[in-house]
Structure formats: C-alpha cells, structure tokens
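Engineer: What follows is a structure written as structure tokens; I'll ask about it next.
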Amino acid sequence: MLYRYLQKLLLIAGNAAVLLFCCQAVATPYWITGGTLIDGTGAEPRPNPGIFINEGNIISLGRPDNLSADAREINAEGKWVLPGLFDLHAHITFKLAGARDLEDDVINALRSERFLERYQEIGVTVVRDVASRYHVGYSLKRAQRGGLIGGARIYVSGPLITTTGGHATEFQPLIPPIWAVEADGPWEFRKRVREAAKLGADLIKTTTPYTLEELSAAVEEAHLWKLRLTAHLGGAQDPYHTSGRIAVDAGVDSMEHLYPFGDDDVYRDMVEKNINLVPTIGYHLRELDGQYTYSADYLEKHLGHTYEGMVERFRRMHELGVKFAVGTDSNAKDLPTIDKIYLQELEGFTLGGLTHMEIIQGATLIGAETMGLDGEAGSIEAGKWGDVILLASDPLESLEALVKPVLVVQNGRVVFERDK
C-alpha cells in the first residue's frame, strides 16, 4: 500500500514538473556571438554583431550594457545565423483515412503535435495551417498557447470556407466535409467567418468557386474581426480562370497556388494592392509528376495547368514585382519527409528566377509580412521575436543548408540542437 502511495505521489510530482516546464515563462537570456548574419531583410550578409535575447525577444544587436552575468553564450563561430523560417501553407491535420484506418481526432492531434515538433527540427518556427480537421486545429492552438504542447508556433484558419461542392468537398462528397465548411451567398460567407472568429481562428481561408459578392463579404467580415483572409486560386473549381480577378477586386490579403488564375493586369494589381502569393510550387511539381489525384494529362486538359505554363506564370509575376512567401502545402503523410518537402519548395522558387537571398526573404520576412507579423517576426532586429537558427554552411551557396540547422531558438529558448 505504501509503495503504491509513493508511486502515485511521484507520478503527480512528475506531471506537475512537466506542466511547469511547459508553462513556465522564458527566463534564460542568450548571447549569440560569432558567425555570419543573414538577417532576413535582404541585406548583404555581415559578421554577426552579437544577438542578445531575453524574455523571448531580441533585445539588441551588439553587446548591451546590461548583459546579465547568467546569460548563456552560444558561440556561432563558423556558422550562419538567420531568423526562424515560416511555412505559410500547411495542412498538418489532413489525412484521408483508409477503409481499416481507425483515424480519429485524438490520433490526429497527437500526430499533429509531432508534426509541429518536426518542423522545429528543420528550422521552421511558424506554421500557418490553412484547413484543419473539424476543431482539431483550434484545440492544438489553445493547447500550445497554454503551454501544454510544444513545436513550431501554429496559426490556424480552422476548416476552410467554400461553396457547396467547392474545393475540399471532393474528398468525401457524400458526407459533410471534414476540412471545410460550405456556404452559399454573401451572408452565409459572413456567418462562416464569424463562426471561425468565435472559435479562435488566426486567419480565414477561402477556396474556389466563389463570386465577387461572396468573397467581398468574407473579406469585409474578416477585417472587421481583425483577421486576414487568404484565397485559394484556380484549380478544377475555377475552369475559366477568373478567381484571380475576383480575389484582387475583393481585396484579399494573400493568395495561394500557381494554377492559371489571371493575366498581367491581375499580377500588376496584386503588386499595387500589396497582395503576396504563396505559390506552393513544390506541391505543383509533385502534382504534375502524378503523385496526387489527377494525372498531368487531366491537369492540362481540364485546367490548362502545365509545367511550362506554370513556370512562365511564376517568372512573369516575379518580373512584375509580385512578392512570394514559402508554403509547402504539406499534409500528414509528409511528416517523415517534411525536410525534403520544404527543400523542394525552396529550390522550386529558382524556377521563378528568384535568387537564394530572395528565397530566404520569402521564408522569413515576406512570410511574416504575408501574415501581418512583420512588425514582430521574420527578421533579426531588436524588438522582434527571439527566433534564430544556426546553420553549418552558407545557404546562399546551397539551399539545403536551411533545412539542416545545428541549433534552433524559438521564443527565446533553445528548442532543438543537432547531435554532433
């Protein structure tokens, strides 16, 4: 009896310790010295002046007068120092269950937590989930903000908003969709936005098809709740390639994908209105390679979507000044290979004519800007989040270096350190 009582006390104490570890405020200050700084702004690399991080934020670049004696020094000599990376198009809860697959919300949430941890291991400290299973995304966010789980910071849209029979309903057309909610007409779109805001969404995601009236109502309602709205463009539900013009005229905050969706006039308006694009080019490359639902022949015949056309669109938008943020369109099956998926996305940007420095910006400051977080994150500057990664080799020489960090700091805490 005494033995069992002691066991119970130890278990309670252990659980309390874990909870305390998860929820405790960041206390350890860090002083990162040496190495080469690529700060995310597009500025030329320079010797790291020293980065002082305390209470989760970057306090100064350069040694401060009040550097505390208990600050942990991180020697970055011979390393490259960058901001934490962003993935703006993820579906970490998306998994189509097979006939004998006992998938449920609990299993889904546990896998999703591991996915967020895996993101940290490749240097991604912010993940924008743009279509969640039921309420799992909202619950993950609340659990993380409450200190119960770790991993890369998650920002969620909840289930995306589409019209009856719209994109995301095709996966399971005979039952209510798991990753989407359907709406028809401006007031139903408004209601779906209000429901998402009520449940704690960080942003709103819409998909084709939509009318100008529907999307305009969703944008207006989202902005009322101080939420950004990103719109899926093109695809099988946009046969006449009108979604780009509708999205621009509706005033969306960002756009997703590189399907045919418009022309030079649309691209110029995107630049004029500061609407960034998340091209998900790695997803398109896999799609055109036959790794998903449709064959390349189907995509060409029904969508006008070809490799050559996609690359030409990408290059033309870049020439006209459209800004691009990195988003992989990853899903649950990509958990073991997210490093390869993310690298493919980065390398795919070169097809649009982007330099390695522009790609780094797309994975950092432009990603933050697209989310409305550029005043808080995305670059190594005083006052911004203490999210820093150390790389063993120069990412301007090889993008592969970006997904192999030797050390990751998130919110002012070391969350990953590669074994030597």
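The values are calculated or read from the model by the stated rules, or taken from the named source; none is laboratory data. All of these numbers come straight from a predicted model, not from anything done at the bench. Every residue, glycine as well, gets a Cβ built from its backbone with ideal geometry; the counts of neighbours run over all protein chains shown. Side chains included, ligands, DNA and RNA excluded: accessible areas come from the protein's heavy atoms. Shrake-Rupley method; radii C 1.70, N 1.55, O 1.52, S 1.80 Å.
Engineer: Could you grab the relative contact order for the stretch 141-205? Cα pairs under 8 Å, six or more apart, rounded to a whole percent.
Structural biologist: Relative contact order for the stretch 141-205 comes out at 37 percent.
Engineer: Now a separate question. Rolling a 1.4 angstrom probe over the protein heavy atoms, how many square angstrom per residue are accessible across the stretch 181-242?
Structural biologist: 47 Å²
Engineer: Bins of 10 Å, beginning at zero and ending with the bin holding the largest distance: percent of Cα pairs per bin for the stretch 323-408, please.
Structural biologist: The calculated distribution, bin by bin, is 17, 46, 35, 2.
Engineer: Hey, what's the Cα Rg ratio for the stretch 163-210 versus the globular rule of thumb, 2.2 N^0.38 Å?
Structural biologist: 1.13
Engineer: Could I have the simple spin-label model distance between ASP394 and ASP263, label points 7 Å from Cα toward Cβ, reported in nm to one decimal?
Structural biologist: Each label point lies 7 Å from its Cα, and together they span 4.4 nm.
Engineer: OK, next. Scan the stretch 26-131 for trypsin sites (Lys or Arg not before Pro) in coil per DSSP, keeping those whose Cβ has at most 14 other Cβ atoms within 10 Å, and list them by number.
Structural biologist: Those that pass, being in a loop and sparsely packed, are ARG100.
Engineer: Under 25 Å between alpha carbons, and skipping anything fewer than 8 positions from LYS340 in its own chain: which lysines qualify?
Structural biologist: Straight-distance partners of LYS340: LYS79, LYS95, LYS323, LYS404, LYS420.
Engineer: Follow-up question, since we're still on this one. Give the range of the longest stretch in the chain that excludes all GluC sites (Glu not before Pro) found in loop regions by DSSP and having at most 11 other beta-carbon atoms within 10 Å.
Structural biologist: The segment 78-396 is the longest one with no such site.
Engineer: Ignoring ligands, DNA and RNA, please state the percent of accessible area on the stretch 201-307 from carbon and sulfur, probe 1.4 Å.
Structural biologist: 49 percent
Engineer: Okay, moving on. Given a 1.4 Å probe and every protein chain left where it sits, what share in percent of the accessible area of the stretch 52-150 is carbon and sulfur?
Structural biologist: Solvent-exposed carbon and sulfur of the stretch 52-150 make up 51 percent of the total.
Engineer: Give me the three principal axis extents of the stretch 131-233 from the C-alpha atoms, as integers in angstrom, largest value leading.
Structural biologist: Ordered largest first, the stretch 131-233 gives principal extents of 40, 33, 21 Å.
Engineer: With a 1.4 Å probe and every protein chain left in place, work out the accessible area per residue of the stretch 66-133 in Å², rounded to a whole number.
Structural biologist: Value for the stretch 66-133: 41 Å² per residue.
Engineer: If you average 1/r across every pair of different Cα atoms in the stretch 61-125 and take the reciprocal, what Kirkwood value do you get, in Å?
Structural biologist: Hydrodynamic radius (Kirkwood, Cα pairs) of the stretch 61-125 is 15.9 Å.
Engineer: I need the fraction of alpha carbon pairs in the stretch 272-319 separated by more than 14 Å, rounded to a whole percent.
Structural biologist: 56 percent
Engineer: Follow-up question, since we're still on this one. Take the Cα atoms of the stretch 124-187, find their three principal axes, and give me the spread along each one in whole Å, biggest first.
Structural biologist: Sorted from largest, the Cα extents of the stretch 124-187 read 37, 25, 20 Å.
Engineer: Just the accessible area per residue of the stretch 252-408, please: how many Å² with a 1.4 Å probe?
Structural biologist: 36 Å²
Engineer: Please compute, over every Cα-Cα pair in the stretch 189-260, the percentage with a separation greater than 14 angstrom.
Structural biologist: Beyond 14 Å sits 52 percent of the P(r) for the stretch 189-260.
Engineer: Which of the helices in the chain meet the span-like rule: DSSP H, Cα axial reach of 30 Å or more, Kyte-Doolittle mean at least 1.0?
Structural biologist: Length and hydropathy pass: 2-23.
Engineer: Order VAL130, VAL106, most accessible first, counting only protein heavy atoms with a 1.4 angstrom probe.
Structural biologist: So the residues, ranked largest to smallest area, are VAL106, VAL130.
Engineer: Name the shape class, rounded, prolate or oblate, that the alpha-carbon gyration tensor gives for the chain, where a ≥ b ≥ c are the square roots of its eigenvalues, rounded holds for a/c under 1.5, and otherwise prolate holds if a/b is larger than b/c and oblate otherwise.
Structural biologist: It comes out oblate by the Cα gyration axes.
Engineer: Seen from all sides and averaged, what is the projected area of the convex hull of the Cα atoms in the stretch 258-362, in nm²?
Structural biologist: Projected area, direction-averaged: 6.7 nm².
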